[in-house]
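Just below is one structure, and these are the notes that go with it.
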Amino acid sequence: MTTTAAPTAHRTEPGRADEGATLTGTAVLLRFALRRDRARLPVWVLGLGLLAIASANSVRTVYPTAADRASIAHGSDNPALLAMSGPAHYLADYSWGAMLSHRLLGLLAVLAGLMSVLIVTRHTRAEEEGGRAELVRSAAVGRHAQLAAALATAAVADLALGLLLAVGLPGLGIPGLTTGGALLYGAATAVGGLLFASVAAVAVQVTAHTRTASGLALAALGAAYALRAAGDAAENGLSWASPIGWLQRTYPFVDDRWWPLLPALALTVATAAAGFLLSTRRDLGAGLRATRPGPATGSPFLGTSLGLALRLHRGLIGGFAVALLLLGAMYGSLLGNADSMLKDVDQIREALARLGGHTLADSFAALTMLVVAVVGGVYAVLATLRPRAEESAGRAVPVLATGVSRSGWLGGHLAAALLGSTAVMLAAGVGFGLAGALSTGDAGVFLRLAGAALAFTPALWVTVGFAAAVYGWLPRATPLAWIVPAYAFVIGYLGPLLKLPSGLDGLSPFGRVPRLPAAAMDWTPLAALTLVAAALIALALAGFRRRDVE
């Protein structure tokens, strides 16, 4: 009788796999990733692209003459505003194109980096943490295919954004927005996204947790921005230590220098290669840094829904509290020089005058406080959507299988989000108040600015309630929760500068908050916002009780 030997699976030791086989299946995984993100990626690309195009159109409208642009260039030539925008070289000939590059190119590079970091962590570490990567790797998929597909997905998004900018900006017909400058502007933005995608490729190898990996990559992004800001403020060359500084020194629509993109591309390739190399030094599902074991016993409070939720949220609360403390301190440090910074910028003075206030510093504080509150709104959405991550990863079901009710489990997370929103705004108020008191020499400023920050807390509670209601009833539509902070930023911050109808601001919970310290305190809208937040949370709990849990 003839027998046939059973096929033997081909096995290779980690780090010694055939180089051609390590990328097997990359194209399939790329198509799958693009299909999964078929709604997410267009929103990112169109949102960032239209932001730049709309800003280009607005600077022509708001600053129509050379005298207007020269006036704002003169007002921008100080360390504080250079730290917020970019190098002073743009101010020499402040055309519409120079203004667009000076004020927006660095921000776009940061946002493209944020988009890329989230893409890479979503398609690598999140897949391993959820157990799906092991299932995929059991098929004919190479060791590096998943990381390569994630980087390729980020590259598709970044290149699409760069192409949109390269085509859209010259299409406005604005003098000075040349095709070559727009192509460089788009290329610099795309390279910024690619660079931080490669940083994320390294971060996902270090830790076994998605949020920690995202935090490490975003910390690198923040450090790059801080180095750029410090260097441009002091004009001492420190900006050359930051990749964002390299991108801004391409000077689109001014000098059109392409060569600063070369070190950025070289760093991108080197960092991505490091990510692939490090992936061979760890096990699937693990990180290079071992997870610390917890204590042998937990406190009784940890056995409650709120205690568990606070334990899970503590990293996010701490990170945003520190970030808002520093952001508030940065804006507060400008209050003492607000009059001198803006004395020659009539358009901004008029926009601030619409906010009221006895002094320009009060109006400036009221406007910038909104920016701080919107960042707090980002925290509110992230914290509220944490139950969605727990449910998708399968960790919610074991908890709900115990004596914990659905309302108790979700209520614990929402209570943590509400407490965290209050904590991060308190941190912002402390930073804003301390720096404002020091810069103005008025100790009474501290309490006024701290109170102005806390006044936005009910608006953050409404943001929590809206995100919770979406999650409770339509868990697959949770990206809609980002509408609230995005709308608040566009209408509340850019609206006064672009002279948009004031009625649009009232559609946002942030627009209902009294603009302290420029306006008088009014408790009625704050009470109304609190009631709206309570109603939305009740609606969210009712929806969660009625739907299936994944």
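The values are calculated or read from the model by the stated rules, or taken from the named source; none is laboratory data. As the structure is a computational prediction, the values presented were derived from the model and not from experiment. In this analysis, Cβ positions are derived from the backbone assuming ideal geometry, glycine residues included, and neighbour counts consider all displayed protein chains. Each accessible area value is taken on the protein alone, full model and side chains, heavy atoms only, with ligands, DNA and RNA left out. Shrake-Rupley method; radii C 1.70, N 1.55, O 1.52, S 1.80 Å.
Quick look at the numbers
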quantity: The stretch 57-106: number of residues that are assigned to a helix (DSSP H, G or I), closer than 21 Å to L172 by Cα and open to solvent by 10 Å² or more (accessible area, probe 1.4 Å); calculated: 13
quantity: Matching residues in the stretch 204-220 - criterion: being open to solvent by less than 10 Å² (accessible area, probe 1.4 Å), among the aliphatic types (A, V, I, L, M) and either under 19 Å from D158 (Cα atoms) or over 19 Å from the mean Cα position of the chain (by Cα) (or both); calculated: A217
quantity: Tally, over the stretch 242-269, of residues that are in a helix (DSSP H, G or I) and closer than 17 Å to G113 by Cα; calculated: 14
quantity: Residue list for the stretch 314-327, restricted to those being open to solvent by less than 60 Å² (accessible area, probe 1.4 Å), within 16 Å of A450 (Cβ to Cβ) and either among the aromatic types (F, W, Y) or at pLDDT below 85 (or both); calculated: L327
quantity: Residue in the stretch 128-146 that is surrounded by the fewest Cβ atoms within 10 Å (Cβ to Cβ), counting only those that are at pLDDT 90 or above and part of a helix (DSSP H, G or I); calculated: A145
quantity: Flag if V532 is touching a helix residue (DSSP H, G or I) at 6+ places or on another chain (Cβ under 8 Å), in a helix (DSSP H, G or I), modelled with pLDDT of 90 or more and open to solvent by less than 60 Å² (accessible area, probe 1.4 Å); calculated: no
quantity: Where V117 falls short, out of the listed (1) open to solvent by 10 Å² or more (accessible area, probe 1.4 Å); (2) under 25 Å from T22 (Cα atoms); calculated: (1)
quantity: So A233, is it surrounded by fewer than 20 Cβ atoms within 10 Å (Cβ to Cβ) and in contact with a Leu (Cβ under 6 Å, 6 or more places away or on another chain); calculated: yes
quantity: Every residue from the stretch 398-409 that is touching a helix residue (DSSP H, G or I) at 6+ places or on another chain (Cβ under 8 Å), in a helix (DSSP H, G or I) and either at pLDDT below 90 or open to solvent by 30 Å² or more (accessible area, probe 1.4 Å) (or both); calculated: V399, L400, R406, S407
quantity: Test: residue in the stretch 516-526 that is assigned to a helix (DSSP H, G or I), open to solvent by less than 40 Å² (accessible area, probe 1.4 Å) and at pLDDT 90 or above; calculated: yes
quantity: Checklist (1) free of Cβ contacts under 8 Å to residues at least 12 places away in the same chain; (2) open to solvent by less than 30 Å² (accessible area, probe 1.4 Å) applied to T153, failing item; calculated: (1)
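Okay, residues lined up against (1) in contact with a Phe, Trp or Tyr (Cβ under 7 Å, 6 or more places away or on another chain); (2) small (G, A, S); (3) over 21 Å from L324 (Cβ atoms); (4) in contact (Cβ under 8 Å) with a residue 40 or more places away in the chain:
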position: G444; (1), (2), (3), (4): no, yes, yes, no
position: A455; (1), (2), (3), (4): no, yes, no, yes
position: P458; (1), (2), (3), (4): no, no, no, yes
position: D505; (1), (2), (3), (4): no, no, yes, no
position: R515; (1), (2), (3), (4): no, no, no, yes
position: D522; (1), (2), (3), (4): no, no, yes, no
position: L536; (1), (2), (3), (4): yes, no, yes, yes
